[in-house]
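Reading through the C-alpha cells given below for one structure.
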Amino acid sequence: MGRVALRLAAVLAGIAVVVVTVLALMATRRLDRRYRAPTPAIARATSPDEIARGARLYRTACATCHTQPGAARSCGTAIPNFPATFGTIVSSNLTRDPARGIGARSDGEIARLLRHGVMPDGRYSRTMPRARLLGDQDIAALLGFLRSDDPLFAPCGEETPATRLSLLGRIALALFGPTAPASDSAFDPAPVPVPARTPSAAYGRYLATAIYGCVGCHTDGLDDVEAKLASPNLLAGGLELPDPRGIRVLSTNLTPDPTGLGRWTLAQLDGALTTGIAPDGAAIRSPMPILRFTDAVETEAIFRYLQSVPPVNRAAAARPASPALSPTAPPEEVFVAMGCVSCHGQGAPFRNALTGLADRPADAVAEAIRHPERAHPATQMPTYAAVLDPSRAAALARWLQENRGPGS
C-alpha cells in the first residue's frame, strides 16, 4: 500500500509539474506578445488653462499610484495590497529624467499607452488600466502637464525598483488580469471626443467612466467599464475591494435608491467627494479616493448622472451606519469611529506617519487632523473640521502624542 501511495504521489507531482510548466509557457507567451497599436494623433496642450486641467486630472487619477506617500516627485512606487505571493508591482517613474523616467519618450508613445495600453516596446500593459474612454482633449491636457516644469516631475536621484513577479504572479496576471485585445485590428484608431464641460448628466457619465472610475468600482463583476454600463446593477455597489489594511470591503450603492444616494443632495455629495466626510459625519471608506481637485461643474455633473441611472435596491451595498459617538467619548474611541485606524492603526500602511508627533506642538497636530489638506493639498486623509471641533481634535492630538494610536 505504501508503494502504491508513493507511486500515486509521484504521478500527481509529475502532472503538477507539467501543468505549471504549460501555464508558465502560456503566461510568457501572453505577457511578451508584441502589438502594433495606432499612435493617436494628439498634440500636447500648451494653454495654461488646459495644462491646469491636466494637473487636476493627474493629481486625481495618476499621482496616487505613481508617487510614494509623502514624496514630492512621481518616481514610481510599489502598488499596495498586491499579494506578496505574486511578487511586487512597481509603478513607472514619470519624471522628466530621460534615463529613469519618461523624458526620452515621445508624446505619441505616452498617448498610445494611455489610449491602447501598449508600451513603447509593443507589450500590452497588464498592470496599468488603459484609458480607452479618456477623450483626446484630456489626454492632451495630461501630456501638457507631464511635460511641464512642475516639481512632481523633477528627476529622481535613485533608480526605481523594477516590478518583480513570481511564477505564480505571472501566471495569475496573464490568465486572470486585464484582457489584451485579440489582434492589432481591435485597437480603434478613432478620436474620442470629450462631452461639453457643463453640469450635465452626459458630462457626468464621462467623468464617472473615463476619469474617476465610479462605474468600474461601484458596479459589481469583473467586466470592463463598457460592459458594466449595460449591467442591471449599474452603480449599485457590491464589488469587493481592499482597504489600506487589506480587509475586504464592499463598494457602496450610488444609485438614487434609499439604499444608495437617494436622499443625498448636491451639496452633500460635493462634501463627501472633496473632503472625505459623508453627510452622517462618517469618513468615506478607503479605497474610495478623495477627489480634492474636482470643481463645481464636475461635481454637479456627477450628481446629475448618478441621479439619472435606474435605482437599485441593494441593502447589502448601503453605506455602513455611522458609529455612535457620544460628545464625551474618549480619544481612543474617536480614533476608531473616525476611521483613523484603517490607515494609522496597528498593521496599517501609514502607521509610521504618527512617529514624531510628540515633538510637535499639540495645537499643530490638532490643526493637521482637522485640515490636513492645508499642508498637503492632495492628501487622501479626510478633512475632519466639520466633525471634530478644536477641543476634541486637541484631545485626540494629545492622546496620539502619548500613545501613537492603539497597539503602540
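Shown here: segment 194-340, whose C-alpha atoms stretch 49, 31, 26 Å along the first, second and third principal axes, sorted largest to smallest. Taking the 1.4 Å solvent-accessible surface of the chain as the whole, the part contributed by carbon and sulfur is 60%.
Both radii come from the Cα set of segment 42-163: Rg as radius of gyration, Rh as Kirkwood radius; their ratio Rg/Rh reads 0.95.
Please label the shape of segment 87-142 as rounded, prolate or oblate, based on the square roots a ≥ b ≥ c of the eigenvalues of the alpha-carbon gyration tensor (a/c under 1.5 means rounded; beyond that, a/b larger than b/c means prolate, else oblate). Because a/c hits 1.5 or more and a/b fails to exceed b/c, segment 87-142 counts as oblate. Please state the shape class of segment 122-191: rounded when a/c is under 1.5, otherwise prolate if a/b exceeds b/c and oblate if not, all from the C-alpha gyration tensor. Since a/c reaches 1.5 but b/c is at least a/b, the shape of segment 122-191 is classed as oblate. Counting only protein heavy atoms and a 1.4 Å probe, segment 28-89 has 59 square angstrom of accessible area per residue.
Of the peptides 22-35, 167-180, 379-392, the order by per-residue mean of other Cβ atoms within 10 Å, starting with the highest, comes out as 379-392, 167-180, 22-35. For segment 280-408, the share of alpha carbon pairs falling in successive 10 Å distance bins from zero is 11, 38, 32, 15, 5, 0 percent. Protein heavy-atom accessible surface, 1.4 Å probe, per residue over segment 340-393: 53 Å².
Taking the chain, the Cys residues with no second Cys beta-carbon under 4.7 angstrom are CYS62, CYS65, CYS214, CYS217, CYS340, CYS343. The Cα center of segment 321-394 and the Cα center of segment 147-190 differ in position by 35 Å. Taking N as the residue count of segment 150-230, its C-alpha radius of gyration divided by 2.2 N^0.38 Å amounts to 1.55. State the percent of C-alpha pairs, over all pairs in segment 333-408, separated by a distance greater than 18 angstrom. Every Cα pair in segment 333-408 considered, those over 18 Å come to 33 percent. Pick from ASN253, ASN233, ASN352: which is most flexible by mean-square fluctuation in a GNM of the chain where alpha carbon atoms under 10 Å apart are linked? Maximum among the listed residues: ASN352. Across the chain, Cα-Cα distances exceeding 35 Å account for 35% of all pairs.
The values are calculated or read from the model by the stated rules, or taken from the named source; none is laboratory data. Only a predicted model underlies this, so the values are computations on that prediction, with no experimental measurement involved. Heads up, the Cβs are rebuilt from the backbone with ideal geometry, glycines too, and the neighbour counts pull from every protein chain shown. Heavy atoms of the whole protein, side chains included, go into the accessibility calculation; ligands, DNA and RNA do not. Shrake-Rupley method; radii C 1.70, N 1.55, O 1.52, S 1.80 Å.
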